[in-house]
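The values are calculated or read from the model by the stated rules, or taken from the named source; none is laboratory data. Bear in mind that the values here come from a model prediction, so they are computed numbers and not experimental data. Heads up, the Cβs are rebuilt from the backbone with ideal geometry, glycines too, and the neighbour counts pull from every protein chain shown.
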Amino acid sequence: MNILILEDETLAARQLLQFLARAGLDTPMPTVLRSVEKALAWLQTQPMPDLIFSDIELLDGNVFALYERFRVTCPVIFTTAYDQFLLPAFQGNGIAYLLKPFEYEQFRAALDKYQLLKSSFATPAPAPTLSAEVLRDLRQALQLPAASTVYKQRFSVRMRNALYLLAVDDVAYVQADEGVVFAVDAAGARYPLPGTLAEVERQLDPRRFGRLNRSELVNIAFVERMEPYFNNRLAVSLRHLPGVVLTTSAAQTPEFRRWLEGG
């Protein structure tokens, strides 16, 4: 059984490898790829794997750009930090998803589903693929938060043996630094937050907090001005924080522009 893993987070990829080893599958070491372009090059030169575990946001963009450019004919299990979509199409064609952070039991259930469906592949039949309709629905689902979602209004932060309440309104930006996520307020004070940046991002209203790059989110209320930066990036200056300039990544700049315009 050959497995391909599309995952740009080292810890997430390591967890998948550990879970696969724990499952006791007779499989060679899975290939782990971190970007759309590397995945495309690999798929164009290698036999189709039996199963793909696929994150949604990779180093150089959204993974659906890959599936639009290359026809994947094996089942895909998405491993994603987004919880805004539950599409019947996944249930119908054997594609499942695991919402990060997930435990081994959830991983095992998705793998068992694949194994159960695998028996139906014994007779020649078209393998499940992601249709244009499914891709469109996924894109829409990723862009539209659920109407009933309640976003975090404050963080409780433990610092120096005390517990502080930090209002989300006071957070200028959020930054991941050497494995620790910090919320930075208008005075420049840094407050450590539990979890990964993706987990914190899910708790914040996407209309107010936008992604700058792999390690930073910014509160739109603190965005003062933007200037072109080299390599198609933007330099973002913040209100109340003179001297602090954040930069978008080249891959994230178009999406950041759309977010600023409310698109």
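What tally of residues in the stretch 207-263 results from selecting those that are surrounded by 21 or more Cβ atoms within 10 Å (Cβ to Cβ) and charged (D, E, K, R)?
The qualifying residues number 2.
I'm trying to understand the selection: among the residues of the stretch 197-207, which are in contact with an Asp or Glu (Cβ under 9 Å, 6 or more places away or on another chain) and touching a residue at least 24 places away in the same chain (Cβ under 8 Å)?
Step one: of the stretch 197-207, the residues in contact with an Asp or Glu (Cβ under 9 Å, 6 or more places away or on another chain) are 197-198, 202.
Ala198, Arg202, listed by residue number.
Enumerate the pairs (first residue in the stretch 219-236 and closer than 24 Å to Arg207 by Cβ and assigned by TED's automatic domain parsing to the domain that holds Val168; second residue anywhere and of a type in the set (Lys, Arg) and surrounded by 13 or more Cβ atoms within 10 Å (Cβ to Cβ)) with beta-carbon separation below 8 Å, excluding pairs fewer than 6 apart on the same chain, so at least 6 apart or on different chains.
Asn219/Arg208; Ile220/Arg208; Ala221/Arg208; Ala221/Arg239; Phe222/Arg239; Val223/Arg239; Glu224/Arg239; Leu234/Arg257
Hand me the list of helices (runs of 4 or more DSSP H) wholly inside the stretch 1-81 holding 3 or more residues that are among the charged types (D, E, K, R) and outside the structural domain of Leu98 (by TED's automatic domain parsing). Full working, then the answer.
Numbers: elements: 10-23, 36-45, 64-69.
Fully inside the stretch 1-81 and qualifying: nothing.
Could we say that Leu246 is assigned to a strand (DSSP E or B) and either free of Cβ contacts under 8 Å to residues at least 40 places away in the same chain or under 19 Å from the mean Cα position of the chain (by Cα) (or both) here? Talk me through it step by step, then tell me what you get.
Numbers: assigned to a strand (DSSP E or B): yes; either free of Cβ contacts under 8 Å to residues at least 40 places away in the same chain or under 19 Å from the mean Cα position of the chain (by Cα) (or both): no.
So Leu246 fails the test.
Yes or no: Thr196 closer than 30 Å to Thr247 by Cα and at pLDDT 85 or above?
Working: closer than 30 Å to Thr247 by Cα: yes; at pLDDT 85 or above: yes.
For Thr196, the condition - closer than 30 Å to Thr247 by Cα and at pLDDT 85 or above - is met.
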